[in-house]
Amino acid sequence: MADEPGTRPTPLSRRAFLAACAPAAASCARRRAGPPGPEPVPVPLDRLPAGVRVTVSVAGRPVELLRTGTGVTARSLLCTHQGCEVSWSEPEGAYTCPCHEGKFDAEGRPKEGPPPKPLLLLPVRVEGPLVLVGP
Ligand code: FES
């Protein structure tokens, strides 16, 4: 079965990261010089066409970015039941989990099956040409 476009994590290459950071070099330098620990993952805003679900890797985990008219959401694609990776199904209008047939609605709320909690939303903010995902 072929992957649907935009459903696989696409970690930024070093070149893409540097290209994205060039206009905001001072900001990127400050982030690199900051205290150790988890840092936000930068994603170029121009990689996020409005209404298109884009999956990126944050700390090795799949996160869906969705740009709307009001901002950008960052939603973990790990099922809240046992951690399998869910994917958006346009025909079903739901995130579906392949492990135990769990489903979440478009807002990430449990809809069917065993998932006990909504899909996790991550902090996200836009700084110039970048979307920063995570803490
Ligand atoms: S891990 Fe998703 S329904 Fe069980």
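The values are calculated or read from the model by the stated rules, or taken from the named source; none is laboratory data. Since this is a predicted model, take the numbers as computed values, not measurements. As a convention, Cβ positions derive from the backbone with ideal geometry for all residues, glycine included, and neighbour counts pool all protein chains shown. Ligands, DNA and RNA are stripped out before the accessible areas are found, and what is left, the full protein with its side chains, is counted by its heavy atoms. Shrake-Rupley method; radii C 1.70, N 1.55, O 1.52, S 1.80 Å.
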Taking the Cα of residue 45, stepping 7 Å toward and past its beta carbon, and measuring to each backbone N in region 111-130: which are under 19 Å? 123-130
Leaving out ligands and nucleic acids, note down the accessible area per residue over region 90-135 with a 1.4 angstrom probe, in whole Å². 58
Heavy-atom accessible area with a 1.4 angstrom probe orders 55, 80, most exposed first, as 80, 55
Efficiency of FRET from Cβ geometry, residue 68 and residue 127, R₀ 22 Å, rounded to 0.05: 0.75
